[in-house]
Amino acid sequence: MTVHNKLFVNLTITTLNPDLARILEPRAPRPDLRLDAMRKLNEAGVPAGVICAPVLPGITDSPRDLEALVRAVAEAGGKYIFANSLFLKPCSAAVFMPFLEKEFPQLVESYRERFKDHAFVSAPYRKRLSQLMARLRQKYGIRTDFDRYSERSHPTPDPEACDQLQLF
């Protein structure tokens, strides 16, 4: 019996702005390097895409910035992109709120209000984000069905004939 597995590589990119990315993720690779890694994976036959999470209200959630990210993923050959908004459970809020106070003090009050009774953003916010991402995926031709990445479209190469993929 032959068993077939599917592999997808998810890269997290929350912004294309390298300065903002450095503030949000100080020790992580730049967004352009992540896009290049995704491109190389897809060129090598490994389906890869982007998870844009967390989307930070007032920081990374502008439609213009999200569209730029979706466009960049499409141009780099990304197979998918999804977004998920920030959620702040008490243990996360204990770390995130001091960070917000330091880096984005103008947003502290709105975050306190937004997350005072719930760990998640409102249902209407999540719905708007989901609808925006669906429109952008459609606009840039990014599908979301994983079935099209079957072993037929990406045949398993002979391991003896393969070199190690160089990402950097």
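The values are calculated or read from the model by the stated rules, or taken from the named source; none is laboratory data. Because the structure is a prediction, the values reported are computed rather than measured. Neighbour counts are summed over all protein chains in view; Cβ atoms, including those assigned to glycine, are modelled from backbone coordinates with ideal geometry.
Points worth noting:
- Lone unmet requirement of (1) under 30 Å from Glu113 (Cβ atoms); (2) in a strand (DSSP E or B); (3) among the aliphatic types (A, V, I, L, M) for Ala68: (2)
- Test: residue in the range 19-41 that is in a strand (DSSP E or B) and either out of contact with any helix residue (DSSP H, G or I) (no Cβ under 8 Å at 6 or more places or on another chain) or surrounded by fewer than 16 Cβ atoms within 10 Å (Cβ to Cβ) (or both): no
- Here Ala83 meets the list (1) modelled with pLDDT of 95 or more; (2) over 24 Å from Pro26 (Cβ atoms) almost entirely, failing just condition (2).
- The residue pairs whose first member lies in the range 128-144 and is modelled with pLDDT of 95 or more, whose second member is of a type in the set (D, E, K, R) and in a helix (DSSP H, G or I), and whose beta carbons are closer than 6 Å, counting only pairs six or more residues apart or on different chains, are Leu136/Glu67; Tyr140/Arg71.
- Selection status of Phe99, of a type outside the set (D, E, K, R) and free of Cβ contacts under 8 Å to residues at least 24 places away in the same chain: yes
- Filter result for Leu69 (at pLDDT 95 or above and touching a Cys at 6+ places or on another chain (Cβ under 8 Å)): yes
- Scanning the range 98-148 for residues that are in contact with a helix residue (DSSP H, G or I) (Cβ under 7 Å, 6 or more places away or on another chain) and not in a helix (DSSP H, G or I) turns up Phe115, Val121, Tyr140, Gly141, Ile142, Thr144.
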